[in-house]
Amino acid sequence: MPKFLFKLLPVLSVVFISTKSFAQKINSKTSNISFYSHTAVEDIKASNTASVSVLDPTTGDVVFSVPMQSFDFEKALMQKHFNSPDFLDTKTEPKAKLVGKITNLSKVNFKIDGIYSAEVSGEMTIKGISKPFTAKSTITIKGSSFEVESKFEIILEDYGIAFKKGKPSTNIAKTIQITVLAEY
């Protein structure tokens, strides 16, 4: 019996370490991703509360998954255009994704209440195109929960969303503002 336990010990330690590292990852309770486009012709706003994210406070790893068909618009026609093959083709590319890391993790203490400035770098994928990504965020810690907020801009053409002529080229800004609010 002792030999059996001796052989089982490495397996149990791997299971314990895996469980412990998995327990460090925190899923968002609520995530809201919104965007805003302003042109002289029209403002376009949309919001998505179906997004999910995972953050590991010990490593700074962060992942956001955004179901693109879950954006809600003021006008049904805007939503139809957004999902169409000419715009984001959300049937073919149903999700956007951000995989990144808090690069100044030493400046954020998840065990002490407060407001912390964080920098996130990684890769964002929209419409199947991945690009390097960097953004400043604010992390607000209150007790055992925390909130991450960030505002940044993306250039649509970087992700294969470009309009050379016609109505879309005047109605949609070439650079749009993204706002992220996630509660953990």
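The values are calculated or read from the model by the stated rules, or taken from the named source; none is laboratory data. Just so we're clear, the structure is a prediction, and the values are computed from it rather than from any experiment. Quick reminder, even Gly has a Cβ in these numbers, built from the backbone with ideal geometry, and neighbours come from all protein chains shown.
With the condition kept exactly as written, say whether any residue in region 132-139 is more than 19 Å from residue 36 (Cβ to Cβ) and surrounded by 12 or more Cβ atoms within 10 Å (Cβ to Cβ).
Taking every residue of region 132-139 in turn, at least one turns out to be more than 19 Å from residue 36 (Cβ to Cβ) and surrounded by 12 or more Cβ atoms within 10 Å (Cβ to Cβ).
Which members of region 140-163 meet the condition of being buried (at least 18 other Cβ atoms within 10 Å of the Cβ), free of Cβ contacts under 8 Å to residues at least 40 places away in the same chain, among the hydrophobic types (A, V, I, L, M, F, W, C) and more than 15 Å from residue 179 (Cβ to Cβ)?
141, 146, 156
Among (1) under 23 Å from residue 153 (Cβ atoms); (2) crowded, with 16+ Cβ neighbours inside 10 Å, which single condition is residue 43 missing?
(2)
I need a count of the residues in region 109-122 that are free of Cβ contacts under 8 Å to residues at least 40 places away in the same chain and out of contact with any helix residue (DSSP H, G or I) (no Cβ under 8 Å at 6 or more places or on another chain).
Selection size over region 109-122: 8.
Which one is surrounded by the most Cβ atoms within 10 Å (Cβ to Cβ), of the residues in region 71-130 that are out of contact with any strand residue (DSSP E or B) (no Cβ under 6 Å at 6 or more places or on another chain) and among the β-branched types (Val, Ile, Thr)?
90
Would it be correct to say that residue 94 is modelled with pLDDT of 95 or more and either within 21 Å of residue 174 (Cβ to Cβ) or within 19 Å of the chain's Cα centre (by Cα) (or both)?
yes
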